[in-house]
Amino acid sequence: MKMTEIIELSADELLTKRRDLRQESLHLRLQQQSGQLEQPSRLRLLRRDIARIETRAKQTEKK
């Protein structure tokens, strides 16, 4: 997910998206522990997306 897409989201959408990405991250970590993870790079991308969303959420809080 690109930052331009994240900027267009509302505060509620940001919270929902962050929750969904954290849930997906949890499932991928569980798959990794059991040795079933097919795309290990997906974990890194999810962490970055979560960080972008949290950054944007903090920016909107300050306004």
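In the stretch 1-37, what count of residues is obtained for those that are out of contact with any helix residue (DSSP H, G or I) (no Cβ under 8 Å at 6 or more places or on another chain) and at negative phi?
The qualifying residues number 18.
Here is a check on your reading of the model: is residue 37 surrounded by 12 or more Cβ atoms within 10 Å (Cβ to Cβ), more than 13 Å from residue 7 (Cα to Cα) and in contact with an Asp or Glu (Cβ under 7 Å, 6 or more places away or on another chain)?
no
Checking residue 61 against (1) part of a helix (DSSP H, G or I); (2) surrounded by 10 or more Cβ atoms within 10 Å (Cβ to Cβ): exactly one of these is not met. Which one?
So the condition that residue 61 fails would be (2).
Residues 14, 28: which one is under 12 Å from the mean Cα position of the chain (by Cα) and aliphatic (A, V, I, L, M)?
Answer to the selection: 14.
Just checking, which of 55, 4 is β-branched (Val, Ile, Thr) and surrounded by 11 or more Cβ atoms within 10 Å (Cβ to Cβ)?
55
Hey, among the residues in the stretch 31-46 that are assigned to a helix (DSSP H, G or I) and touching a Leu at 6+ places or on another chain (Cβ under 9 Å), which one's nearest to residue 61 (Cα to Cα)?
46
Which members of the stretch 1-30 meet the condition of being without any contact (Cβ under 8 Å) to a residue 12 or more places away in the chain and part of a loop (DSSP other than H, G, I, E, B)?
Listed by number, the residues that qualify are 2, 8, 10.
Just so you know, all these numbers are worked out from the coordinates, no wet-lab data involved. Worth saying up front: this structure is predicted, and the values here are computed from it rather than measured. Heads up, the Cβs are rebuilt from the backbone with ideal geometry, glycines too, and the neighbour counts pull from every protein chain shown.
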